[in-house]
1. So for the chain, averaging the separation of alpha carbon pairs under 8 Å that are six or more residues apart and normalising by length, what relative contact order in percent results?
2. Under a Cβ-only charge scheme (Lys and Arg +1, Asp and Glu -1), can you give me the dipole magnitude of the chain about the Cα centre, in debye to the nearest 20?
3. Full extension from N782 to N363: what is 0.36 nm times the residue separation minus their Cα-Cα distance, to one decimal in nm?
4. With +1 on each Lys and Arg Cβ and -1 on each Asp and Glu Cβ, how big is the dipole of segment 585-698 about its Cα centre, in debye rounded to the nearest 20?
5. Which angle between 0 and 90 degrees, to the nearest 10, do you get for helix 783-795 versus the longest principal axis of the chain when only C-alpha atoms count?
6. Using Cα Rg over 2.2 N^0.38 Å as the read-out, say which of [x] 1.20; [y] 0.98; [z] 1.38 was calculated from these coordinates.
7. Would you work out which of I369, M250, P537 lies farthest towards the positive end of the dipole of the chain? Charges go on Cβ: Lys and Arg +1, Asp and Glu -1.
8. Among the listed pairs K239/K286; K145/K170; K194/K216; K286/K314; K166/K501, which are separated by more than 22 Å between their Cα atoms?
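Please treat every number below as a calculation from the coordinates, not as lab data. Computed from a predicted model, the values in this text were never measured in an experiment. Note that each Cβ is placed from the backbone with ideal geometry, even for glycine, and that neighbours are counted across all protein chains shown.
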Amino acid sequence: MARRVCLLPKSPFTAPNKSQNIISVPVSFSLCTDSAAGQTHQPQIEDQTENHNPTSLTNLQDQQRHEQVRKLRVLLQQGRSETARRLIKSLFLPNSPFSSPSDLYTLFSLSAPSMKPTFSDMLLAACSESKMPTEAVELYGLMRKTGTRPCLASLNAMLESLVTSKQFGKTLELFSEIFESGQGIRPDRFTYGKAVQASVKMGDLERAGQLVNSMKMKRMSLGVFVYNVLLGGLCKENKMRDAQKMFDEMIEGKTAPNLVTYNTLIDGFCKVGELEKAFELRERMKDENVAANIVTYNTMLSGLCRAKRMDDAKKILEEMEAYGFAPDGFTYSILFDGQFKCGDSEGSLALFEEATRKGVKLNRYTWSILLNGLCKQGNVEKLEEVLKKFMETGFVPDIVIYNTIVNSYCRRCDMNRAILAVEQMEIHGLRPNCITLNTLIDKFCETRDMDTAEEWVKKMAEKGVCPNLETYNTLINGYGQMRVFDKCFQILEEMENKGIKPNVVSYGSLINGLCKDGRLLEAEIALRDMISRGISPNAQIYNMLIGGSCTVGNLKDAFRFFDEMASTGITPTLITYNSLIHGLCKKGRVMEAEDYFSQITSSGYSPDVITYNSLISGYSDIRNTHKCLELYETMKNLGIKPTIYTYHPLISGCSREDMALADKLFSEMLQMGLVPDRAVYNALIHGYAEQGDTQKALSLHSEMVNQKINVDKMTYNSLILGHFKQGKISEVKGLVDDMKAQGLAPKADTYNLLVKGHCELKDFSGAYFWYREMFENGFLLNVSTCNELTDGLEKEGRLREARIVCSEMSVKGMNDCRSIEDVVSVAKV
């Protein structure tokens, strides 16, 4: 039967569309009587090609339909269900006299109403089994209209067919209609399983949870299938804490996990970097005698390679082979990728030779991993060498391979050779596609050569390639990075005029640029515009707005976007929570930040290094060093590796209180392979300077210079402070001269430090010297230092200099400094 949807049965008076040879059947050839069931009829066939009679053809088709219905009725009466089922499925073929299953159902219902319930269940199941979900749903609707109630088995078959054909929304719609609207049909575990599966596939974990709760209320065990589906959904969302709880519940409920359960969880933990959890599950599999398969091993290899743990990956590979699993092409693609992540292109090439030697068949995907890896490392020469080897084995480069080569040259910023590769493609008869040319355009945008990028957009049309959505998105992103927002809006308008609808990426690039430029009002206008055009913002869009608002300290708007995000059903991500925590910590609102820290875990996410860095920085700012260290130890215990940004606030905070502890942290940082940067050195130098340990401070300064870390004004200010602390006035000018030689012209903070330092050492001549240079360079003293200088000059009887300072400060609007009258009155006394 042709897969057509026809709600009305075929009329016996419908004229045929084409003239056909007519088969004349004697009237005595009964089609609808039971007595004729076992007889063999051989109707005479008369060739009437010269007399095309539409009525005769219609009568024949009608007779054929009735004959098939009669056969089905007889088979069901005789209890020959399997034969009837095969016959039904044959009537779904293109040459069937029935236009649709509904057509067959209608005719059978008229012919044998007493057998309609049995037949309808068989027909609905056959439709579903034949992968005809649309026709099955249509038939179900017709059955309901005619008062026929399908059995649970046939309904389950229909739901399974819908899930298989990825019609998840329709699955849930029918589930609610049939089982939640009081029709009296009780769903079983299989029914619920299909509904849960549809919910998870749609990403609606909340709906899946409601269905599971309904099962539990009915004291229905979930079964391993439902648990596996739920675990798959949670792992896909990286909600590994919730997945672990679900697994624990499964064990407690005596539902035995199977291979799918373990593979799902292992994959989930590997993807979030919790490899030890994955290894624990693998050991549990062994204890429970659940045999691993090649998917298990490939999943673990993928996690290890992603984490650059190639030695551990080698052990898993050995175990895999010991259990009789030969590495396949996918295994090698994982290993290639792992070696490249470790920067070991030679290791990948050695693996390639090994695979070739073992006769492992590598497909284009595996080859592309190898070629892309060489591309990312900029090793184009080796890439071309490998490609040559491939071609010697009969491999013919296609457009994907050439695109890889073009991409490789673009990554190296060798645009001339990238363009040459495009020309070679054309010489070999391959026409560049959007991917090829978008790669070039993207690189020109990245290097801010927007004129050349625009030229290549024009060349696309010349080469017969239409710019696509990605092309325009690349241009918007390029102009957005350059803060040329008028051009971004112009491109959006051009897209509309050409019938290319902008998507969330188009607006995302624009909003991201506006947020980074601090233009939050315009960013929100862009958000409202995209919503008005029917483009739904995603979590990333709201994260940009929340992050941008937090960066400029506007927490009110950040929380407004957060609330709007939740009200539109968009689930906050870890980035959302991290942005809010960072914003709160910057404002010193660490207790509120802790509340959102708790929400991370309750939402099924795991705090990461960024979360902890923000909290440590927040507590450091309010001088709670004890809490900083507590958080530092917690993150290490959880296996979260600190970054250089973890140590900035830690060392800075400890440098104010305990240099021994700051030194210890510095040593730990070095042991972790982290390279100290200027912020770390400045914190240590400042700490030692405050203690007056100029020798240690200068030693660290020399270390900075030797490691080619550029010093800044903060470095010199700290060194100057240290020398004042030790009373080494004579060496201060040398530091200032060195600072100037480095191109770091002193500004107000340095000059204030110089004047104040000399004042505290009662060297008011030196203080006045730096004041004169400061004033001549356009900088002013702060009020307290100004008063300290004038007081000192007065006490030394240098009233003229004191009057000059007061006069100059007054002229510049520094009215809080001592007035000239005060100085004169002192002189009179």
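1. Relative contact order, the chain: 4 percent.
2. Using only the charged Cβ atoms, the result is roughly 2060 debye.
3. 143.7 nm
4. Here the size comes out at about 180 debye.
5. 10
6. It is the value labelled [z].
7. Going by the Cα projections, it comes out as M250.
8. Among K239/K286; K145/K170; K194/K216; K286/K314; K166/K501, the Cα-Cα distance tops 22 Å for K239/K286; K166/K501.
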